[in-house]
Amino acid sequence: MVPQERAWRRLLITFVVLCVWAALPAWGVQITRGPYLQLQTPDSVSVVWFTDSACTGEVEWGLTTSYGNLAQSTQPGTYHEIAVTGLSPDTLYHYRARCDSAPLSGDATFRTAPPSGASAVSFSFVGDSCSAPSNCTATYNAMLSQSLNGFCVTLGDLAGRGEDNITDYWQSHFFTPAAGFIKHVCMHTTIGNHELYDETATYVYPTRYLANWSPPTASSGSEFYYSFDKAHVHFAAVDTFWSSYASGSAQYDWLAGDLAGTTQPWKIVFGHNGPYVSEDGSSNGSTTMRTSLVPLFEQHGVDLYLHCHYHNYQRNVVNGVCYIDQGT
Ligand SMILES: [Fe+2]
Ligand SMILES: [Fe+2]
């Protein structure tokens, strides 16, 4: 082989090695959960993922798969929550997660929220979704095929026993089977009773729920109940299993002030338990809700309350407020 041929060959091999290296994840680092989306606004969204060892997280993002922009963490870790900012409203972006400059995930997309005051908004809602992982995958794949995916509000019971110390229900019953949905659609979460269950089905503080999700706390100072606006709709998430919502409780007082303060023409509240349901020989809904939250809904013109927990679809309109139990 003449020297010139040898040089070309070396160059070609170097090029191929570099291409393969660029396509591989950071050496030894693997994603264990995610990526998924939080805190969607008209001009920002947060991308979240976990890795099995510490690295410095980065999000490549842009209008196409060429990306062109980078959002970076300031320090290494195994939990990565990176805000992507400076975005345009109601726009579809491509992104992928990286660690230490090496891609860790394939391409995915997110959509920013509509601009404040816009007259249309689309969203989905889901709860009681994951009693079996196969059902969960089917549920979320079906949701992804629909067009109502501006964002998603979750109504609780996403994981069979969220605080189980033996089996990681969050991984097996939610993050793995729902992975295809949550990397594209931002979720705004609230807790159900199953988020509180440990391995003996005893209610305990939902440490794992709080480790996984980042609700927008600016409105309330609490990760359990909070509110946000999308377009011309005011959404309030309520916690109906861990925090008290009885009249005079901190949550009750917050919701009263929150609903009184919004000027949005549409008001939607979502939570896990519901005040009006019919089940033969079983529960007929939360009587505490009927004496505490329901009067607030009626007083402040709430249009819709979304919940689940009873595992069958029901729809009631009571004193001008529509109540939907989304089924399972
Ligand atoms: Fe429940
Ligand atoms: Fe449930």
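I'd like to check something: does segment 286-302 contain any residue that is within 16 Å of ligand 1 (Cβ to nearest atom) and not in a helix (DSSP H, G or I)? Looking for residues that are within 16 Å of ligand 1 (Cβ to nearest atom) and not in a helix (DSSP H, G or I), one finds at least one in segment 286-302, hence yes. Restricting attention to segment 250-285, the residues being of a type in the set (S, T, N, Q), without any contact (Cβ under 8 Å) to a residue 24 or more places away in the chain and more than 16 Å from ligand 1 (Cβ to nearest atom) number 1. Within the bounds of segment 113-126, is there any residue that is closer than 22 Å to Pro216 by Cβ, within 16 Å of ligand 2 (Cβ to nearest atom) and either in contact (Cβ under 8 Å) with a residue 40 or more places away in the chain or of a type in the set (D, E, K, R) (or both)? For segment 113-126, residues closer than 22 Å to Pro216 by Cβ, within 16 Å of ligand 2 (Cβ to nearest atom) and either in contact (Cβ under 8 Å) with a residue 40 or more places away in the chain or of a type in the set (D, E, K, R) (or both): present. One residue stands out in segment 184-197 among those that are assigned to a strand (DSSP E or B) and away from ligand 2 (no atom under 16 Å from the Cβ): the one that is surrounded by the most Cβ atoms within 10 Å (Cβ to Cβ), namely His188.
Among the candidates Asp168, Asp229, single out the residue that is in the same structural domain as Tyr310 (by TED's automatic domain parsing), away from ligand 1 (no atom under 14 Å from the Cβ) and in contact with a strand residue (DSSP E or B) (Cβ under 8 Å, 6 or more places away or on another chain).
Asp229 is the lone residue from the list that is in the same structural domain as Tyr310 (by TED's automatic domain parsing), away from ligand 1 (no atom under 14 Å from the Cβ) and in contact with a strand residue (DSSP E or B) (Cβ under 8 Å, 6 or more places away or on another chain).
Specify the residue that is farthest from Ala83 (Cα to Cα); the eligible residues are those in segment 198-209 that are open to solvent by 50 Å² or more (accessible area, probe 1.4 Å) and away from ligand 1 (no atom under 13 Å from the Cβ). Ranking the candidates gives Thr200 first. Return yes when Gln146 is touching a residue at least 60 places away in the same chain (Cβ under 8 Å), out of contact with any Cys (no Cβ under 8 Å at 6 or more places or on another chain) and surrounded by fewer than 20 Cβ atoms within 10 Å (Cβ to Cβ) and no when it is not. Answer is no for this residue. Criterion applied to Thr74, Thr65, Thr85 was being of a type in the set (Val, Ile, Thr), open to solvent by 60 Å² or more (accessible area, probe 1.4 Å) and touching a His at 6+ places or on another chain (Cβ under 9 Å), and the one residue passing it is Thr65. Screening Phe181 on (1) open to solvent by less than 50 Å² (accessible area, probe 1.4 Å); (2) more than 16 Å from ligand 2 (Cβ to nearest atom); (3) over 21 Å from Val48 (Cα atoms) shows it passes everything except condition (3).
On the stretch given as segment 258-270, residues that are assigned to a helix (DSSP H, G or I) and surrounded by 12 or more Cβ atoms within 10 Å (Cβ to Cβ) total 2. Just a yes or no: is a residue in segment 311-323 under 19 Å from Asp239 (Cβ atoms) and either within 16 Å of ligand 2 (Cβ to nearest atom) or open to solvent by 10 Å² or more (accessible area, probe 1.4 Å) (or both)? Taking every residue of segment 311-323 in turn, none turns out to be under 19 Å from Asp239 (Cβ atoms) and either within 16 Å of ligand 2 (Cβ to nearest atom) or open to solvent by 10 Å² or more (accessible area, probe 1.4 Å) (or both).
Taking the condition within 16 Å of ligand 2 (Cβ to nearest atom) and open to solvent by 50 Å² or more (accessible area, probe 1.4 Å), does Ser131 pass? Spelling it out, Ser131 is indeed within 16 Å of ligand 2 (Cβ to nearest atom) and open to solvent by 50 Å² or more (accessible area, probe 1.4 Å).
Yes or no: Gly150 touching a Phe, Trp or Tyr at 6+ places or on another chain (Cβ under 6 Å), in a loop (DSSP other than H, G, I, E, B) and under 29 Å from Leu63 (Cα atoms)? Answer is yes for this residue. Count, please, the residues in segment 303-328 that happen to be more than 19 Å from Phe125 (Cβ to Cβ) and either modelled with pLDDT under 95 or part of a helix (DSSP H, G or I) (or both). Within segment 303-328, residues that are more than 19 Å from Phe125 (Cβ to Cβ) and either modelled with pLDDT under 95 or part of a helix (DSSP H, G or I) (or both) number 0.
The values are calculated or read from the model by the stated rules, or taken from the named source; none is laboratory data. The structure presented is a predicted model; accordingly, all values stated were derived computationally and were not measured. Methodologically, a virtual Cβ is constructed for each residue, glycine included, from the backbone with ideal geometry; neighbour enumeration extends over all protein chains shown. The area values use the complete protein model at the heavy-atom level, side chains included, leaving out ligands, DNA and RNA. Shrake-Rupley method; radii C 1.70, N 1.55, O 1.52, S 1.80 Å.
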